[in-house]
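Single-structure report; data block below.
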Amino acid sequence: MDSMPNLETVIHALNALYQNPDVVGKEKASVWLGELQRSVFAWQIADQLLRLNHDLNSCYFAAQTMRTKIQYSFHELPATAHASLRDSLLDHISKISTSTDNVIVTQLSLALADLALQMATWKNPASDLIQKFGDKPEHTGFLLEILTVMPEEIHSRPLRLGANRRAEVTHELGQAATMVLHLMTTCIESPSLDVKLQMKVYRCLVSWFNISAIPQEMTVNSKLLMAPFHALINKDCPSSLHEVACDCVCAALYCAEDFNKYTILAQALFHGVMTLPEAYHLSVADEDTDKSINYCRVFTEMAESFIQAIVDSPNQGFGDFRILELLLTCVGHYQYEVSIQSEQRLKSTLPI
């Protein structure tokens, strides 16, 4: 593409792609838009489309283009342009409202996260974002989204961050962890808490457990750590929330495998998991296989995390044999899908 097209041409191509019933027209529009996304003009076009806010399709294309350019073509921009790109993205994000489509929020979150990870001159981006948007309820969803994807993107292959940069970013996120946990705790304690917000909080917590950036004392002493257990115990918990709560507990258990560093967290998780057997048996009685599988995942994850303690100090402290009893209970499930998964995890866990 030799010259930058005007916005009318781009919008016409998007309409042809999404609304034109003609297959040939769709294909031509798709090829042309692909060329535009690969060109250097895509940066400015995406920014202009986001400012225009014409319709969902054009905004999604613009947000996706911005994310893709930052992820794969960040080298096209001189270092002097990084700050202006960040400010432009922040401006677009400041206009997010509760009516903004989730796909656009996700793409803008990924774009800003990938920019923050590659922009070494932007120090402590997580703290900056919480300070900027933390007191605005309409931006809570975005904040949780970007705080979820930022730790996840550290090991993104397309970004190709060096080991030193990954270590630097992980350290900065660790410094922001207290603010992040305060935000998540505030969400969990909010009177307006709903299933959608709960799921966002648990997904965010998973990301921070996965990079071991959690201050355990603050986590254990807040309502945040026990919240997913309460969801798992709740008989009426929606399946989607139940699965995410299971993911959260499993991530915490994996993190707590380092007993020397996370003793307090491990103790709290052990007591939390020991509240789940009754809920597991209720799921069996109700023939709710999905929830039964979730409980078995938690039990097997705890066994894998605590196996060294079981070997070193049998039936004492973290070597409590009740952990293995929970595994054996799962192996005895009447559904083959549940029992075989538990049996396979049991075999991989036991040092035989």
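The values are calculated or read from the model by the stated rules, or taken from the named source; none is laboratory data. The model shown is predicted, which means the values in this text are computed figures rather than measured ones. No Cβ is skipped: glycine too gets one built from the backbone with ideal geometry, and neighbour counts run over all protein chains shown. Areas reflect the complete protein model, heavy atoms only, side chains present, ligands, DNA and RNA absent. Shrake-Rupley method; radii C 1.70, N 1.55, O 1.52, S 1.80 Å.
Do any helices (runs of 4 or more DSSP H) entirely within segment 205-306 hold 1 or more residues that are within 17 Å of the chain's Cα centre (by Cα) and at pLDDT 95 or above, and if so, which? Working first, answer last.
Working: elements: 216-220, 227-233, 239-255, 263-273, 277-285.
Correct list: 227-233, 239-255.
Among the residues of segment 65-79, which ones are closer than 19 Å to LEU90 by Cβ and open to solvent by less than 50 Å² (accessible area, probe 1.4 Å)?
If the condition is that a residue be closer than 19 Å to LEU90 by Cβ and open to solvent by less than 50 Å² (accessible area, probe 1.4 Å), then THR65, MET66, ARG67, LYS69, ILE70, GLN71, PHE74, LEU77 are the ones that fit.
Of the conditions (1) at pLDDT below 95; (2) within 29 Å of the chain's Cα centre (by Cα); (3) over 20 Å from LEU147 (Cβ atoms); (4) not β-branched (Val, Ile, Thr), SER97 satisfies every one except a single condition; which number is it?
SER97 satisfies all of (1) at pLDDT below 95; (2) within 29 Å of the chain's Cα centre (by Cα); (3) over 20 Å from LEU147 (Cβ atoms); (4) not β-branched (Val, Ile, Thr) except (3).
I'm told LYS132 meets every condition in (1) closer than 26 Å to ASN164 by Cβ; (2) open to solvent by 50 Å² or more (accessible area, probe 1.4 Å) except one. Can you identify the failing condition by its number?
Answer for LYS132: the failing condition is (1).
Considering only segment 50-64, state which residues are closer than 16 Å to ILE93 by Cβ and either open to solvent by less than 40 Å² (accessible area, probe 1.4 Å) or of a type in the set (Ser, Thr, Tyr) (or both).
Matches in segment 50-64: LEU50, CYS59, TYR60, ALA62, ALA63.
Please go through segment 192-203 and pick out each residue that is closer than 21 Å to GLU152 by Cβ and either open to solvent by 40 Å² or more (accessible area, probe 1.4 Å) or of a type outside the set (Ser, Thr, Tyr) (or both).
The initial filter retains those residues of segment 192-203 that are closer than 21 Å to GLU152 by Cβ, namely 196-203.
Across segment 192-203, the qualifying residues are LYS196, LEU197, GLN198, MET199, LYS200, VAL201, ARG203.
State which residue pairs qualify: first residue of a type outside the set (A, V, I, L, M, F, W, C) and inside segment 309-330, second residue in a loop (DSSP other than H, G, I, E, B) in any location, beta carbons under 9 Å apart, and separation of 6 or more residues or different chains.
PRO314/PHE321; ASN315/PHE321; GLY319/SER313; ASP320/MET274; ARG322/MET274; ARG322/ASN315
Condition check: open to solvent by 60 Å² or more (accessible area, probe 1.4 Å) and in contact (Cβ under 8 Å) with a residue 12 or more places away in the chain. Does GLU189 satisfy that?
On the way: open to solvent by 60 Å² or more (accessible area, probe 1.4 Å): yes; in contact (Cβ under 8 Å) with a residue 12 or more places away in the chain: yes.
So GLU189 passes the test.
When you go through LEU115, LEU110 one by one, which is the residue that is closer than 17 Å to GLU172 by Cα and touching a residue at least 12 places away in the same chain (Cβ under 8 Å)?
On the way: LEU110 fails: closer than 17 Å to GLU172 by Cα.
Testing whether each residue is closer than 17 Å to GLU172 by Cα and touching a residue at least 12 places away in the same chain (Cβ under 8 Å) leaves just LEU115.
Under 6 Å between Cβ atoms, at least 6 apart or on separate chains: pull out the pairs that start in segment 23-36 with a residue that is open to solvent by less than 70 Å² (accessible area, probe 1.4 Å) and end on any residue that is outside any helix (DSSP H, G or I).
Note: pairs meeting the criteria are LYS26/ASN20.
For VAL169, state whether it is open to solvent by less than 60 Å² (accessible area, probe 1.4 Å), under 16 Å from the mean Cα position of the chain (by Cα) and not aromatic (Phe, Trp, Tyr). Don't jump to the end; show me each part of the working.
Numbers: open to solvent by less than 60 Å² (accessible area, probe 1.4 Å): yes; under 16 Å from the mean Cα position of the chain (by Cα): no; not aromatic (Phe, Trp, Tyr): yes.
Criteria not met by VAL169.
Quick one: ILE310 ticks every box in (1) within 20 Å of GLU243 (Cα to Cα); (2) surrounded by 21 or more Cβ atoms within 10 Å (Cβ to Cβ); (3) of a type in the set (A, V, I, L, M) except a single one, so which number is it?
(1)
Given the options GLU138, GLU172, name the one that is closer than 27 Å to LEU50 by Cα and assigned to a helix (DSSP H, G or I). Quick ask: steps written out before the conclusion?
Details: GLU172 fails: closer than 27 Å to LEU50 by Cα.
Going through GLU138, GLU172 in turn, just one is closer than 27 Å to LEU50 by Cα and assigned to a helix (DSSP H, G or I): GLU138.
Among the listed residues LEU181, LEU159, identify the single one that is outside any helix (DSSP H, G or I), at pLDDT 90 or above and among the aliphatic types (A, V, I, L, M). Give the derivation first.
On the way: LEU181 fails: outside any helix (DSSP H, G or I).
The match here is LEU159.
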